[in-house]
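Here the structure comes first, spelled out in structure tokens, and everything after it is commentary.
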Amino acid sequence: MKKIFYSPGEPSGIGVDLIIQLCMSNYWSNFNVPIICLGDKRLFEHRAKQLSKKIKIESLVDKESAVKNKKGLLQIIEVTKCKSVISGKLNPANAEYIIKNLNFGIMQALASKQNALVTGPISKQNIIDSGIKFSGHTEWIQEKTKSDDVLMLLSAKQLRVALVTTHIPLDKVTKSITKRKIIAKAKILNEDLKLKLKVKAPKLVMLGLNPHAGEGGTIGKQENLILKPAAKYLRKVGINISDPISADTAFTQKMLKKTDAYLAMYHDQALPVLKALSFGEGINITLGVPIVRTSVDHGVALDIAGSGKAGFSSLQNALETAKSMI
């Protein structure tokens, strides 16, 4: 039986609010895959009261005891206890709680291809402040699944964007861009678009690293020395990918319509476009790993946690995509 495990992430943020609000909607009872939330019952009780939501919270003995989703019923597995249930205020003492829930969700997704993991937003800094070495969900999942490589794909209705480099300083991006890395990331993107997202013949667009894609070598040499040779090799092995094109003209309506996914060189090269087009609705998908994992594409939003103002469109889309992938 298919199941989706939801790890809400930072307990002081809106990841907790989202699942409680969604649980009270008609969407919940119409979603035909059981959703199991990971976390401390006390946290959900406290936040539901703060949100003025009357929900029934049922602690499961194990995942096999999960039943069909019912409006107002939140099924949870209490992996461990939360140190602080206060909304809107980060507490490094909660870091171990976050990591244990995440690890449990990863293990459940690894245990069966009928299980998926959906994650809520985290504060990387809060986890790091606790003394845990942590660079993000994507890298953590790569390590825990013992995967050789991993790819972050951000997806929305109008476009998909994969990242060659993720959460690194801009001054380190150039040295990180190699022909080998581009080829590896493009292969993951092409393969998982077909296997996991059911795109029959992916059409990929590579973004240049430099302004105007280097303008023939006058604004940087990487396009001629690294990106174009990588694209040439990829086409040779049957992957339909463009030569690097300038990011400032890559997202026209005409280009969007004929592109299945963009391969961007760094985080802020393409994500501002995705979020401008679909803020609050986009999702994050981890490719290159042997599990199905999707996530919201927004932050913890401490300023509105516990207020009921958080929109759950991104979580809905993450759940729908996860369901379609298992």
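The values are calculated or read from the model by the stated rules, or taken from the named source; none is laboratory data. Source: prediction; values computed, not measured. In this analysis, Cβ positions are derived from the backbone assuming ideal geometry, glycine residues included, and neighbour counts consider all displayed protein chains. Keep in mind that these areas ignore ligands, DNA and RNA; they rest on the heavy atoms of the full protein, side chains included. Shrake-Rupley method; radii C 1.70, N 1.55, O 1.52, S 1.80 Å.
Details
- Over the chain: helical MRE at 222 nm, DSSP H runs n ≥ 4 each giving -39500 (n - 2.57), nearest 500: -10500 deg cm²/dmol
- Carbon and sulfur %, accessible surface of the stretch 71-158 computed with the full protein complex present, 1.4 Å: 50 percent
- To the nearest 10, the accessible area of H167 is 80 Å² with a 1.4 Å probe.
- A DSSP coil position with no more than 15 other Cβ atoms inside 10 Å describes the following trypsin sites (Lys or Arg not before Pro) in the stretch 274-326: K309.
- Size descriptors for the stretch 1-77: radius of gyration and Dmax over Cα atoms are 11.4, 34 Å.
- Two-decimal Rg/Rh across the chain, once Rg and the Kirkwood Rh are taken from alpha-carbon atoms: 0.99
- Residue ranking by accessible heavy-atom surface, 1.4 Å probe, largest first, among M265, M107, M24 comes out as M107, M24, M265.
- Computed over the chain: relative contact order in percent, which uses C-alpha pairs under 8 Å that are six or more apart: 23 percent
- Using the Cβ of L110 as centre and a radius below 11 Å, the other residues enclosed give a net charge of +4, where K and R count +1 and D and E count -1.
- Near I57: Cβ cut-off under 13 Å, other residues only, Lys/Arg at +1 and Asp/Glu at -1. The net charge is +4.
- Acute angle (nearest 10 degrees) that the helix 179-195 long axis makes with the longest principal axis of the chain, alpha-carbon atoms: 50 degrees
- Size descriptors for the stretch 56-170: radius of gyration and Dmax over Cα atoms are 16.4, 47 Å.
- Contact order normalised by residue count of the stretch 131-290, Cα under 8 Å, 6+ apart, percent: 37 percent
- Against the chain, whose longest principal axis is taken from its Cα atoms, helix 14-23 shows a tilt of about 70°.
- Residues of the stretch 294-315 falling in the label zone of S52, defined by backbone nitrogen less than 15 Å from a point 7 Å along Cα to beta-carbon, are 306-310.
- Summary value for the stretch 208-326: 17 percent relative contact order, contacts being C-alpha pairs under 8 angstrom separated by 6+ residues.
- By DSSP, the beta bridges lying fully in the chain are antiparallel in about 30 percent of cases.
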